[in-house]
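Taking it in order: structure first as structure tokens, then the write-up.
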Amino acid sequence: MKRILSLFFILGIFVALKAEHIAVRIYTTANITLLNTSFDLGSYNLYANDTLLIDSLIGTGHSVEFKAIEGQVNLSVDGHNYGRYNKARLQAIDSACILCLNPANGKQRTYEGSMDIRSKNGRLLLINDVDFETYLAGVAQSEIYGHESDIYRVQAVISRTWAMRNINKHAAEGFNFCDDVHCQAYHNRCIRPEIMLGTLASTGETIVDASGNLIETPFHANSGGQTSNSEDVWKNAVPYLRSVPDTFSLSMKQAHWSKKIKADKWLNYFAKNHGINTKDKNLRDSLLHFQQPQRRADILGVRLVRVRMDFGLRSTFFNVTFDSVRNEITLNGHGYGHGVGLSQEGTINMVRQGISYDSIIRHYYTGAYIKNDRSIEEEVRTENLTRHIETIIEEDRQKTTQKKSKQDDWLGRLFRILDREEREEVYDEKKQDLEDDWKYEW
Ligand SMILES: [Zn+2]
């Protein structure tokens, strides 16, 4: 019996690698008033005001419609109206459950786990109650690109560290995180096995400073060749957020940008907004021919972060050239984002060059290191799942030309593999019981 119980545990592995659930507000920035929900995998119970309304909604044949009306949620199931309630919940009752959400005025998305629905300020407040690791895989998918699983391993450990530090960010509103950049982007469940593979590989890992405390893990798209000191962008100097050379970002998509601005507009900005005497030839030349061989924090005492914001620039890392004929300047810029901490495109390039996952983290977060809290049980489970996911990736590779059906979803396939294993194990156990009985009787 003990073995069967442990198998149930293995089955719920995705949901239980850390056995922690979190609540994430989804469609945070969308104005959703009407939402149609169907079921891609597993079965769900529908609750209205904490009371079970319908049990075991299963399969794609069913749909539930939620509509925000006067501070309440109106429920319709398969076209039948069940009236208004203060809140509703779709409770996942299988270990693998996938919801397909179709808002009337937003993009379709799919999520794993359960969902709480309320009405607030005339629109639906949607909260995904999801396993922490599943959430991290979804974040990794939304935040970074690439095919190599180590790219996602880096992103997942950063996201896990951030999430553990900021777990109560939206506690006052009744959830942990929103799905917008304010917290971490989470715009779908993880639909690619290599992303889950990278996330799994990072299970139990966080980034800590020299004293063993979780670090803040800011990241940006591309450093432009050199990262920024934290105090040059924000207020405080943080020991692990130091400016470092980063040639890995240079050959990537977002390495360069340029912007033309009328010279008068540029000079007037510094004169009017920052009191610089632009009639002074030296000061005027400094503004029209500003150079940053190395990243700087200011231009004539004006913080570059301020200039970046006011002109909507991709980064603060730029040089200025002046065309006196056109009376125009060109900002030739490097990188994209604030430049503090990890460069995502630098990371992608480093992974492709075979640089190890922990070296990448140590390159961008000075003096920090990866701490592994994975238990032996987690280690075994992670290895087991990794093996199955690798099999699925290999199968996909072999049949890339064949069109995959919806039922061919890798997560569904994974759970079918685990189900099959469970049946085999149960069979083994029954056989063992019979043998034990036989020994006992004789
Ligand atoms: Zn947020």
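The values are calculated or read from the model by the stated rules, or taken from the named source; none is laboratory data. The structure presented is a predicted model; accordingly, all values stated were derived computationally and were not measured. So basically every Cβ, Gly included, is an ideal-geometry build from the backbone, and we count neighbours across all protein chains shown.
How about segment 52-106: which of its residues are crowded, with 16+ Cβ neighbours inside 10 Å, of a type in the set (A, V, I, L, M, F, W, C) and touching a residue at least 40 places away in the same chain (Cβ under 8 Å)? Hits for segment 52-106 are Phe66, Ala68, Val73, Ala88, Leu90, Ala92, Ala96, Cys97, Ile98, Leu99, Cys100, Leu101.
With segment 273-387 as the region, which strands (runs of 3 or more DSSP E) entirely inside it contain at least 3 residues that are farther than 24 Å from Gly224 by Cβ? Answer list for segment 273-387: 369-372.
Taking residues in segment 19-31 that are within 22 Å of Gly122 (Cβ to Cβ) and hydroxyl-bearing (Ser, Thr, Tyr), and partners anywhere that are within 12 Å of the ligand (Cβ to nearest atom) and in a loop (DSSP other than H, G, I, E, B), the pairs with Cβ atoms closer than 9 Å and at least 6 places apart or on different chains are Tyr27/Asp179; Thr28/Asp179; Thr28/Asp180; Thr28/His182; Thr28/Cys183; Thr29/Asp179; Thr29/Asp180.
Just one of the listed residues (Leu331, Leu287) is at pLDDT 95 or above, under 20 Å from His256 (Cβ atoms) and crowded, with 19+ Cβ neighbours inside 10 Å, namely Leu331.
The lone criterion from (1) closer than 18 Å to Ser359 by Cα; (2) away from the ligand (no atom under 14 Å from the Cβ) left unmet by Asn213 is number (1). Just to be sure before I move on: is Ala237 of a type outside the set (Val, Ile, Thr), outside any loop (DSSP other than H, G, I, E, B) and either within 16 Å of the ligand (Cβ to nearest atom) or farther than 21 Å from Asp131 by Cα (or both) in the structure I sent? No; evaluated as a whole, the condition is false for this residue. Given the condition under 16 Å from Ile191 (Cβ atoms) and part of a strand (DSSP E or B), answer yes or no: does some residue in segment 78-93 qualify? No, every residue in segment 78-93 fails to be under 16 Å from Ile191 (Cβ atoms) and part of a strand (DSSP E or B).
Tell me which residues, restricted to segment 10-42, are of a type in the set (Gly, Ala, Ser), part of a strand (DSSP E or B) and at pLDDT below 90. Matches in segment 10-42: none. Selection of segment 185-205 for residues being buried (at least 24 other Cβ atoms within 10 Å of the Cβ) and either within 13 Å of the ligand (Cβ to nearest atom) or closer than 17 Å to Gly341 by Cα (or both) yields only Tyr186. For first residues located in segment 147-172 and assigned to a loop (DSSP other than H, G, I, E, B), partners that are away from the ligand (no atom under 13 Å from the Cβ) and not small (Gly, Ala, Ser) and lie 6+ apart or on another chain with Cβ distances below 6 Å form the pairs Glu148/Val351.
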